[in-house]
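The values are calculated or read from the model by the stated rules, or taken from the named source; none is laboratory data. In this text the structure is predicted, and so the values were computed from the model without any measurement. FYI the Cβ positions are ideal-geometry reconstructions off the backbone, even for glycines, and counts take in every protein chain you see. The accessibility values were calculated without ligands, DNA or RNA, using every heavy atom of the protein model including side chains. Shrake-Rupley method; radii C 1.70, N 1.55, O 1.52, S 1.80 Å.
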Amino acid sequence: MTHILLVEDHADLADAIATLFRRRRFIVTHVSTGEQAFQLLDTTAFKLIILDLMLPGVLGPEVLKSIRAAKIGVPVLVITARAEIDAKISLLDLGADDYLVKPFDLRELEARARALLRRPAGAAA
């Protein structure tokens, strides 16, 4: 089964995303802080990370930098309310594989996740 790490601090949105993917037979591990994500990344292999930017404590961009600095090749799909083109470019340059602006349709999130999961292993940023 495909294991997804969901890093999102808004409980309602996290619940909706987790429910969607669990219905599609994915394993979803949800955490609400960057610190919790770091702990799991040290011990668990994920096929996809869905990462919010505005987290309590360690922000999403720092989590992303750490993932890429550690040479973890898992695809990262950033979800955020920040729609500015400079923010998108910055995150893609940091190693995000895709970027989705809130609010979004869950069907689009699912389609983007499927696209990232279709990539051959090692093809992530």
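Output yes when any residue across the range 30-39 is modelled with pLDDT under 95 and surrounded by fewer than 13 Cβ atoms within 10 Å (Cβ to Cβ), and no when none is. Among the residues of the range 30-39, at least one is modelled with pLDDT under 95 and surrounded by fewer than 13 Cβ atoms within 10 Å (Cβ to Cβ), which makes the answer yes.
Pairs meeting the criteria (first residue in the range 1-15 and open to solvent by 70 Å² or more (accessible area, probe 1.4 Å), second residue outside any strand (DSSP E or B), beta carbons under 7 Å, at least 6 apart or on different chains) are MET1/ARG25; MET1/PHE26. For ARG22, the criteria (1) over 27 Å from ILE89 (Cβ atoms); (2) open to solvent by 30 Å² or more (accessible area, probe 1.4 Å); (3) in contact (Cβ under 8 Å) with a residue 24 or more places away in the chain hold in every case but one, which is (3). If only residues of the range 55-91 that are closer than 19 Å to LEU13 by Cβ, among the aliphatic types (A, V, I, L, M) and in contact with a Lys or Arg (Cβ under 8 Å, 6 or more places away or on another chain) are counted, the one that is most open to solvent (accessible area, probe 1.4 Å) is ALA81.
How about the range 79-114: which of its residues are outside any loop (DSSP other than H, G, I, E, B) and in contact with a Pro (Cβ under 9 Å, 6 or more places away or on another chain)?
Scanning the range 79-114 gives SER90, LEU91, LEU94, ASP98, ALA113.
Within the set ASP9, ASP42, the sole residue that is modelled with pLDDT of 95 or more and of a type in the set (Asp, Glu) turns out to be ASP9.
Being of a type in the set (D, E, K, R) and within 19 Å of GLU110 (Cα to Cα) is the filter here, so list the residues in the range 32-79 that pass it. Once the filter is applied, which keeps residues that are of a type in the set (D, E, K, R) and within 19 Å of GLU110 (Cα to Cα), the range 32-79 yields LYS47, ASP52. The residues of the range 25-58 that are under 14 Å from VAL74 (Cβ atoms) and touching a residue at least 40 places away in the same chain (Cβ under 8 Å), listed by number, are THR44, ALA45, PHE46, LYS47, LEU48, ILE49, ILE50, LEU51.
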